[in-house]
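Below: one structure, written as structure tokens.
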Amino acid sequence: MNPSSPVMAPSPRGALAFRDLWLFSPRADFLIVALPLALALCTAAAMGLLAPGAAENAHRLSAWTAQNLLGNATHVILTFLLFAVHRDVLTAAPGQPRQVLAGSLAMLGVGTVLFFTFYAERTAHTYGVAVLFNVFGTHHTLSQHRGIWSLHGLRASKAGLPGASTVERKLQQMYVPLMLTLLLVRIFFVAESPGPTAPAYLDVGQGHVLPHGALAVLLAVWLGYFLLLFRSVMRTEAVSGPKVLYLLAMATATGLVLVAPTWGYVMLPAMHGLEYYMLTARMLEPREGDAPRLPRKFIVPAMIASMLPLLALGAVHGLIQQGVMRGALGSNMGAAEMHPMLRVATSLGFACVLAHYFADALIYRFRIPSIRAVMLKRLGFS
């Protein structure tokens, strides 16, 4: 993210040149794309080569890895670590601390409701959690895509490359509502397979769903969008190579969710968690004028330590109760027999995730000048 880092020499006029304008670092930018894609491909290979039971276990392990080790679920606490280390992020706009506190308390109330609905009506609880976190979680993930896309554009403009075209800016504004619509229609309303009685990928009792053939329409819209996007991005003689790589990863992850949600919902959350790791590590770094509360050498250990409680909760649910280690560990405890204290911890975890969604929606409002100034400083763009 250092605008003074070296770039490739311009190519002869008329030839497309890719500049190495890395957002974080060559290794970090590459891993954000490569690790989630490799995990999804391993999942696909396992499901194609293994027996049904072993394939299901392999998919569970891949999904658990994306959620817990690569950070889709565990990263949510990092927002509050950032508040603790750099209070300017929390106080960047008037009234923002009160808004974050009120929203967090409200999400704690939602977690309390989820706790009681589990005991009152477990089917409704299960369906409610599935809808709530798929809708808001997908919106949150896509919004982060758009934000990192913007940062790649800012990185390129600081290196002297032309700014985004009018078409690219419009497509960027469309990205979240359009992709959110496509992905939610796919998982909730389109039959998972061509069979006449096939359910949706996420069947929450919605009854009749669209036939599997409706997927062709969703894919046509997805393809048209990204063809327009890459045509717009490639219009100049020089373009940021890491930006193109990231846009290709966005296209691949959303396309996989449409074509094969089982694979896509490994790559998409893994990519989201890794992005947030990199963003948080960058923003925790001390900047000029700071009185650092957290020395640079302690940033990664502090991030890991803050995520350990959620990782432990994920291990209990994913590896012991419901996952591939259940038989090996001799545990027959299912969700219905969950200890009340574990249910309390789970409900608090849900509340933490929702509070993170709420807080991020406030602190990344770059249209507000004071927030933009603080966040760009934290990201190293001041």
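What residue, among those in the stretch 339-365 that are aromatic (F, W, Y) and open to solvent by 50 Å² or more (accessible area, probe 1.4 Å), is farthest from A312 (Cα to Cα)?
Within the stretch 339-365, the subset aromatic (F, W, Y) is 350, 357-358, 364.
Subsequent filtering for residues that are open to solvent by 50 Å² or more (accessible area, probe 1.4 Å) retains 358, 364.
Details: F358: 24, Y364: 29 Å.
Here the residue is Y364.
Go through L182, L178 for me and flag whichever is farther than 16 Å from V233 by Cα, modelled with pLDDT of 95 or more and open to solvent by less than 30 Å² (accessible area, probe 1.4 Å).
Numbers: L178 fails: open to solvent by less than 30 Å² (accessible area, probe 1.4 Å).
The match here is L182.
Within the stretch 297-314, does at least one residue satisfy the condition of being touching a Phe, Trp or Tyr at 6+ places or on another chain (Cβ under 9 Å), of a type in the set (S, T, Y) and at pLDDT 85 or above?
Checked against the condition, which is being touching a Phe, Trp or Tyr at 6+ places or on another chain (Cβ under 9 Å), of a type in the set (S, T, Y) and at pLDDT 85 or above, the stretch 297-314 yields at least one hit.
Among the numbered conditions (1) open to solvent by 70 Å² or more (accessible area, probe 1.4 Å); (2) touching a strand residue (DSSP E or B) at 6+ places or on another chain (Cβ under 9 Å); (3) within 26 Å of T346 (Cβ to Cβ), tell me where A120 comes up short.
All conditions pass for A120, except number (2).
To keep it simple, each residue is scored yes or no on (1) aromatic (F, W, Y); (2) within 21 Å of the chain's Cα centre (by Cα); (3) outside any helix (DSSP H, G or I); (4) surrounded by fewer than 18 Cβ atoms within 10 Å (Cβ to Cβ).
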{"position": "A93", "(1), (2), (3), (4)": "no, no, yes, yes"}
{"position": "A130", "(1), (2), (3), (4)": "no, yes, no, yes"}
{"position": "T138", "(1), (2), (3), (4)": "no, yes, no, no"}
{"position": "S150", "(1), (2), (3), (4)": "no, yes, no, yes"}
{"position": "G160", "(1), (2), (3), (4)": "no, no, yes, yes"}
{"position": "R169", "(1), (2), (3), (4)": "no, no, no, yes"}
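Of all residues in the stretch 267-298, which are within 11 Å of the chain's Cα centre (by Cα) and not aromatic (F, W, Y)?
Residues of the stretch 267-298 within 11 Å of the chain's Cα centre (by Cα): 267-277.
The answer is M267, L268, P269, A270, M271, H272, G273, L274, E275.
Cβ-Cβ below 9 Å, separation at least six or inter-chain, first residue in the stretch 191-202 and closer than 12 Å to L215 by Cα, second open to solvent by 50 Å² or more (accessible area, probe 1.4 Å) and among the hydrophobic types (A, V, I, L, M, F, W, C): which pairs?
Taking only residues 6 or more apart or on different chains, the pairs are A191/L210; A200/F189; A200/L210.
Whether any residue in the stretch 350-366 is part of a helix (DSSP H, G or I), farther than 22 Å from N134 by Cβ and either of a type in the set (S, T, N, Q) or at pLDDT below 90 (or both) is what I want to check.
The answer is no; no qualifying residue exists.
Considering the stretch 165-187 alone, what residues qualify as being more than 25 Å from L132 (Cβ to Cβ), free of Cβ contacts under 8 Å to residues at least 12 places away in the same chain and not basic (K, R)?
Within the stretch 165-187, T166, Q173 meet the criteria.
Since R98 meets every condition but one in (1) modelled with pLDDT of 95 or more; (2) surrounded by 15 or more Cβ atoms within 10 Å (Cβ to Cβ), which condition does it not meet?
So R98 meets the others, but not (2).
Report yes if V167 is of a type outside the set (G, A, S) and at pLDDT below 95, otherwise no.
Values: of a type outside the set (G, A, S): yes; at pLDDT below 95: no.
When the stated conditions are applied, V167 does not pass them.
Is one or more of the residues making up the stretch 29-42 out of contact with any Gly (no Cβ under 6 Å at 6 or more places or on another chain), at pLDDT 95 or above and of a type in the set (D, E)?
yes
Looking at (1) modelled with pLDDT of 95 or more; (2) more than 21 Å from F18 (Cβ to Cβ); (3) surrounded by 15 or more Cβ atoms within 10 Å (Cβ to Cβ), which one does A216 not meet, given that it meets all the others?
Answer for A216: the failing condition is (3).
Checking the structure you have, find out if any residue of the stretch 70-83 is aromatic (F, W, Y), closer than 27 Å to I363 by Cβ and either assigned to a helix (DSSP H, G or I) or open to solvent by less than 30 Å² (accessible area, probe 1.4 Å) (or both). Give the steps one after another, and end with the answer.
So in the stretch 70-83, the residues aromatic (F, W, Y) come out as 80, 83.
Those left that are additionally closer than 27 Å to I363 by Cβ: 80, 83.
Filter once more, keeping what is either assigned to a helix (DSSP H, G or I) or open to solvent by less than 30 Å² (accessible area, probe 1.4 Å) (or both): 80, 83.
Within the stretch 70-83, one or more residues are aromatic (F, W, Y), closer than 27 Å to I363 by Cβ and either assigned to a helix (DSSP H, G or I) or open to solvent by less than 30 Å² (accessible area, probe 1.4 Å) (or both).
Within the stretch 257-264, is there a residue that is farther than 28 Å from S62 by Cα, among the aromatic types (F, W, Y) and assigned to a helix (DSSP H, G or I)?
Narrowing the stretch 257-264 to residues farther than 28 Å from S62 by Cα: none.
No, there is no match, as no residue in the stretch 257-264 is farther than 28 Å from S62 by Cα, among the aromatic types (F, W, Y) and assigned to a helix (DSSP H, G or I).
Can you confirm whether M278 is within 22 Å of H356 (Cβ to Cβ), of a type outside the set (K, R) and open to solvent by 10 Å² or more (accessible area, probe 1.4 Å)?
Numbers: within 22 Å of H356 (Cβ to Cβ): yes; of a type outside the set (K, R): yes; open to solvent by 10 Å² or more (accessible area, probe 1.4 Å): yes.
So M278 passes the test.
Quick one: G111 ticks every box in (1) within 30 Å of L229 (Cβ to Cβ); (2) of a type outside the set (D, E, K, R); (3) open to solvent by less than 20 Å² (accessible area, probe 1.4 Å) except a single one, so which number is it?
The number of the failed condition is (1).
The values are calculated or read from the model by the stated rules, or taken from the named source; none is laboratory data. Treat the numbers as computed from the prediction; the structure is a model and nothing was measured. No Cβ is skipped: glycine too gets one built from the backbone with ideal geometry, and neighbour counts run over all protein chains shown. Remember, those area values only see protein heavy atoms, side chains included, never the ligands or the DNA or RNA. Shrake-Rupley method; radii C 1.70, N 1.55, O 1.52, S 1.80 Å.
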